[in-house]
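The values are calculated or read from the model by the stated rules, or taken from the named source; none is laboratory data. The structure presented is a predicted model; accordingly, all values stated were derived computationally and were not measured. Backbone-built Cβ (ideal geometry, glycine too); neighbour counts: all protein chains shown.
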Amino acid sequence: MDQSKINALRAQTVAAFDHLIDGKHVAASDGGRMNIVSPIDGTVLTTTAAGTKADMEAAIASARAAFEDGRWAGQPPAARKKVLLKWADLIEANALELAVLGVRDNGTEIGMALKAEPGSAAGTIRYYAEALDKLYGEIAATPSDILGMIHKEPVGVVGAIIPWNFPMMIGAWKLGPALAMGNSVVLKPSETASLSLMRMAELAHEAGLPPGVLNAVTGEGRVVGEAMGLSMDVDVLAFTGSGTTGRRLMEYAARSNMKRVYLELGGKSPNIVFADAPNLDEAAKVAAGGIFRNSGQVCVAGSRLLVEASIHDEFVAAVAKASEAMRVGDPLKVDTHIGAVNSDVQLRANLGFVDTAVSEGGQVITGGGRILEETGGYYMAPTLVTGVTRDATLSQKEVFGPVLGVTQFETEEEAVSLANSTVYGLAGAAWTSNLSRAHKMVRAVRTGVMHINTYGGADGTVPLGGVGQSGNGSDKSLHAIEKYVNLKTVWIKL
Ligand code: NAD
């Protein structure tokens, strides 16, 4: 990473963003604007359109028209593939510009942002572009006088609602498979991290995506997100975000056209360290990285550290040391390990969780407070709290910030019972040298993703999805395609 190039990009003024509807930039129907505050220093970076219900309805109508006339779905797979590959190339060619814009908007440290945002988004779009002409229908095992076939058809209009922690990466997880299969998409980025995703949508048009196939509307979730959820013309909602919003989307679907709703929600993922872990120093460093990167604003963050009692003190000391070695600060400096918390609201919520943890008997070993307040930005020290009980708030509620709670266990059975004691089931890990214990943990811990002797880093070849209140359906891998197709049975009498 070249610091001088990053500095030059951050010095640029960010132009105001409007919606992208029918391939054109469109202001809000009532002229409303939203201030976009940079978490780096708390200043207003730019504005976006504050979308209205009418704006969302216009975007959906445009997407529906584009789907019905076949300007994208009707193109040969090879033609769709060409456009998507060009889009991936454009994302890569503009990677630093996109990453810096995104960091100014959401505060993620630039090293991670560059890799996880444009880097991952381009890879995801390319993965589905390359897959789309290698997918076949099926012929069923019917009696000889029947031909039974199964076609995979696009569902129509997909509504994609995206959170603020990794907008481009998560956006691409929905856009890649949905567009590859011929659907039209209406995108609703988060209020507090929309800019890089809006720019990425513009690049899709530069790559040759026909107008109306991908529309993007900015604004409040309660306004434009609700209008999308209640629409009679959206066929699938693909959502990543909080459980509270996820519940609302299910209600909207029930109150409207019973659209399919796919939810990628939060987690309280257990990172279980046994005394026989192959390398405790390595485990401590990875445990710290597994919660504190992007200020803990990672859905799969290992936010509950479950440690075998015999190594508890030694391991906690190693995690504290690794945490204190992580430099928190300006996310656009290349040597920063942890950037800014996304918003003032999120920072205050994080601090509230620390206060609650202490009031419930937890001990803050390191961190615990706001830092670098003089910058005007929203920074928090990586925070390690020990003595967290099974039912404590810090064990049960997702913080989505840089706060790691530690709980001790004595036996493997107790570790499993603690791991499974929340309503969530997104990710988890076990550290052990014992092969059969490792496999037992994989089977026993109820999660969508289970790591052994590592944490995080799963790439696009494997699915990411939760169980329990962490959601349903999966992003990533070929399995994600299932969300964006309808199966059609053809039954022919020969
Ligand atoms: P959020 O639910 O507040 O917002 C997510 C999106 O929903 C935003 O675009 C928002 O505008 C929109 N929204 C809000 N209210 C709405 C409504 N009434 N109708 C329709 N849309 C509405 O979540 P967030 O704070 O942006 O994201 C953090 C959450 O996302 C955390 O819980 C985190 O764990 C989760 N997350 C999950 C994954 C995963 O893959 N499982 C990945 C990243 C983040």
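List of remarks:
- Restricted to region 151-259, the set of helices (runs of 4 or more DSSP H) holding at least 3 residues that are of a type in the set (S, T, N, Q) and within 14 Å of the ligand (Cβ to nearest atom) is empty.
- Selection count where residues are within 16 Å of the ligand (Cβ to nearest atom), buried (at least 17 other Cβ atoms within 10 Å of the Cβ) and either among the polar types (S, T, N, Q) or within 20 Å of L394 (Cβ to Cβ) (or both), scope region 319-370: 7
- Of all residues in region 381-394, those that are under 23 Å from A318 (Cα atoms) and within 16 Å of the ligand (Cβ to nearest atom) total 1.
- Counting only residues that are within 14 Å of the chain's Cα centre (by Cα) and free of Cβ contacts under 8 Å to residues at least 12 places away in the same chain, region 116-138 holds 0 of them.
- Test: residue in region 445-463 that is over 30 Å from A129 (Cβ atoms), at pLDDT 95 or above, outside any loop (DSSP other than H, G, I, E, B) and over 25 Å from the mean Cα position of the chain (by Cα): no
- Wholly enclosed strands (runs of 3 or more DSSP E) of region 1-40 bearing at least 2 residues closer than 29 Å to H337 by Cβ and among the acidic types (D, E): none
- Of all residues in region 36-48, those that are free of Cβ contacts under 8 Å to residues at least 60 places away in the same chain have Cβ atoms under 7 Å from Cβ atoms of residues that are part of a strand (DSSP E or B), 6 or more apart or on another chain, in V44/N35; V44/I36; V44/V37; T47/R33; T47/M34; T47/N35; T47/I36.
- Among the residues of region 288-316, those that are over 19 Å from A116 (Cβ atoms) and away from the ligand (no atom under 16 Å from the Cβ) comprise L305, L306, V307, E308, A309, S310, I311, H312, D313, E314, F315, V316.
Rundown of residues vs (1) within 16 Å of the ligand (Cβ to nearest atom); (2) under 30 Å from S359 (Cα atoms), yes/no style:
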{"position": "S417", "(1), (2)": "no, yes"}
{"position": "A427", "(1), (2)": "yes, yes"}
{"position": "A430", "(1), (2)": "no, yes"}
{"position": "S433", "(1), (2)": "no, no"}
{"position": "P463", "(1), (2)": "yes, no"}
{"position": "S470", "(1), (2)": "yes, yes"}
{"position": "L478", "(1), (2)": "no, no"}
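- Helices (runs of 4 or more DSSP H) within region 45-119 that include 2 or more residues surrounded by fewer than 19 Cβ atoms within 10 Å (Cβ to Cβ): 53-68, 77-93, 95-106
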